[in-house]
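A.B. asks: Take a look at this one; I'll ask things after.
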Amino acid sequence: MHKNNLNQPTTSEPFSWVRIYQAANGLEANIIKGLLHTAGIQCQLQGELLQGAMGEIPFEQTGVDILVYALKERHAQEILVNYRQVKQSAPDWVCPSCSELNGPTFEICWSCRTVKNDESE
Ligand SMILES: [Zn+2]
């Protein structure tokens, strides 16, 4: 006769998806997605609208959850810590062409696609 372990506690499943970050928009979500992929971590974006052709991202989309396997959560968090540090150390920049404020990780103005002027060169 079998024992039914009905009261078995649910341990954290290594392959369940856990949310590690909520990106401000699809653009930031894709930056992080790229970082995770570089590190060999599979991730899932939730709340992201369908991307257009040529990898275009709907900028008006807000609040994108980034999920990774529970198994990879710790590794992913380390990458995020690193990402936040880089983000904080670099200032936002104002587009010289359209005066739009851009995040430091953006190399191109999100609004008019003017390339960021790097003063160090
Ligand atoms: Zn611009």
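A.B. asks: Being under 21 Å from residue 103 (Cβ atoms) and at pLDDT below 90: is that true of residue 61 here?
C.D. replies: yes
A.B. asks: How many of the residues in the range 94-116 are touching a residue at least 24 places away in the same chain (Cβ under 8 Å) and more than 8 Å from the ligand (Cβ to nearest atom)?
C.D. replies: Here the count works out to 3.
A.B. asks: Given the criterion touching an Asp or Glu at 6+ places or on another chain (Cβ under 8 Å), away from the ligand (no atom under 16 Å from the Cβ) and either at pLDDT below 95 or not small (Gly, Ala, Ser) (or both), identify the matching residue among 74, 19, 84.
C.D. replies: 19
A.B. asks: As an exercise: evaluate residue 89 against (1) modelled with pLDDT of 95 or more; (2) exposed (fewer than 12 other Cβ atoms within 10 Å of the Cβ); (3) polar (S, T, N, Q) and give the number of the one condition it does not meet.
C.D. replies: Condition (1) is where residue 89 drops out.
A.B. asks: Out of all the residues in the range 16-34, which are part of a helix (DSSP H, G or I), over 14 Å from residue 47 (Cα atoms) and in contact (Cβ under 8 Å) with a residue 40 or more places away in the chain?
C.D. replies: Across the range 16-34, the qualifying residues are 31, 32.
A.B. asks: Could you tell me how many of the residues in the range 35-53 are in a loop (DSSP other than H, G, I, E, B) and modelled with pLDDT under 90?
C.D. replies: Qualifying residue count, the range 35-53: 6.
The values are calculated or read from the model by the stated rules, or taken from the named source; none is laboratory data. Small disclaimer: the values here were computed from a predicted structure and weren't measured. Please note: Cβ atoms are built from the backbone with ideal geometry, for glycine as well, and neighbour counts cover all protein chains shown.
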